[in-house]
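Remarks on the structure that follows.
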Amino acid sequence: MTTIQPEGENLRKAVRWVAEEMLNQPAGNRKTLVAQACLKFNLTPVQSDFLFRNPEAAPGKIYDDP
């Protein structure tokens, strides 16, 4: 069963997940993690492109929601 989420919530979760994984695996390949996040969080093509093109979105530290 699917749940309704606020718009952009899946992208926020993906950014947080990539950041956590980069902390857990500093030698890991960021592009591979982003590709996994795109599938795991069902990102749209635009959201996926944002995550691939903006490494500062998840540089290796976890951002808290405002």
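The values are calculated or read from the model by the stated rules, or taken from the named source; none is laboratory data. Just so it is clear, the structure is predicted and the values come from calculations on it, not from any experiment. Neighbour counts run over all protein chains shown; Cβ positions are idealised from the backbone, glycine included.
Side notes on the structure shown:
- Qualifying residue in segment 40-55 (condition: without any contact (Cβ under 8 Å) to a residue 12 or more places away in the chain, among the hydrophobic types (A, V, I, L, M, F, W, C) and part of a helix (DSSP H, G or I)): yes
- Assessment of segment 24-34 against the conditions (part of a helix (DSSP H, G or I), modelled with pLDDT of 90 or more and surrounded by 12 or more Cβ atoms within 10 Å (Cβ to Cβ)) yields at least one matching residue.
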